[in-house]
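Colleague: Before anything else, here's the structure in question.
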Amino acid sequence: MGCCTGRCSLICLCALQLLSALERQIFDFLGFQWAPILGNFLHIIVVILGLFGTIQYRPRYIMVYTVWTALWVTWNAFIICFYLEVGGLSKDTDLMTFNISVHRSWWREHGPGCVRRVLPPSAHGMMDDYTYVSVTGCIIDFQYLEVIHSAIQILLSLVGFVYACYVISISMEEEDTCRNK
């Protein structure tokens, strides 16, 4: 087998997906976004399973990875719709935190070029309310950063799906030729 086989490509792609998911997991933890944290955690586990299946020639593990990539694309498409406020969704809801906190995306206050100022609270407000934080000067708005993260995840997953299907078909063909001998 050559160096640049479908199997090698899938291994490299899984490694890229792991790095991308770990980066995303860190920033979701910083923003206390529990729904994406849970999704990223499951994604990391399944990508490791797919990586293991690819290295160990276990097509069933790669099939689990393949099914998961389809679900992962769906989840990331939902996140894109959520941050772009498509179909009645609103990025200002507490949906990503399971309605247990008022935290938002970490990128909202810490994006590239953003200047964060804490404004004095009004007489009828709570001290820890996020309405008292003023953010100005952002080079790119936080929702577009979240959309870019999800788009990268979708791209990696779609390419991973194609390579996983290819590796599964090659593994099945090799298995069939071994049985026929």
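The values are calculated or read from the model by the stated rules, or taken from the named source; none is laboratory data. Computed from a predicted model, the values in this text were never measured in an experiment. Glycine also receives a Cβ, built like all others from the backbone with ideal geometry; neighbour counts cover every protein chain displayed. These accessible areas exclude ligands, DNA and RNA; they are computed on the full protein's heavy atoms, side chains included. Shrake-Rupley method; radii C 1.70, N 1.55, O 1.52, S 1.80 Å.
Colleague: How high is the relative contact order of the range 18-112? Use alpha-carbon pairs under 8 Å, at least six apart in sequence, and give a whole percent.
Modeller: Taking the mean separation of contacting Cα pairs over the length of the range 18-112, I get 32 percent.
Colleague: Per residue, how much accessible area does the range 1-80 show when a 1.4 Å probe rolls over the protein heavy atoms, in square angstrom? Don't jump to the answer; show the numbers that get you there.
Modeller: Details: 4000 Å² over 80 residues.
Counting only protein heavy atoms, the per-residue value for the range 1-80 is 50 Å².
Colleague: Amide H of residue 133: which non-local residues (sequence gap of 5 or more, or other chain) have their own amide H closer than 5 Å, using H built in the peptide plane?
Modeller: Those qualifying (amide H under 5 Å, at least 5 residues apart or on another chain) are 119.
Colleague: Would you calculate the volume per residue, in Å³, of the smallest convex hull containing every Cα atom of the range 1-56? Can you show the working numbers first?
Modeller: Numbers: hull volume 3.0 nm³, N = 56.
That works out to 54 Å³ per residue.
Colleague: Next question. Once both labels are modelled 7 Å past Cα along the beta-carbon direction, what's the residue 42-residue 18 spacing in nm?
Modeller: 2.1 nm
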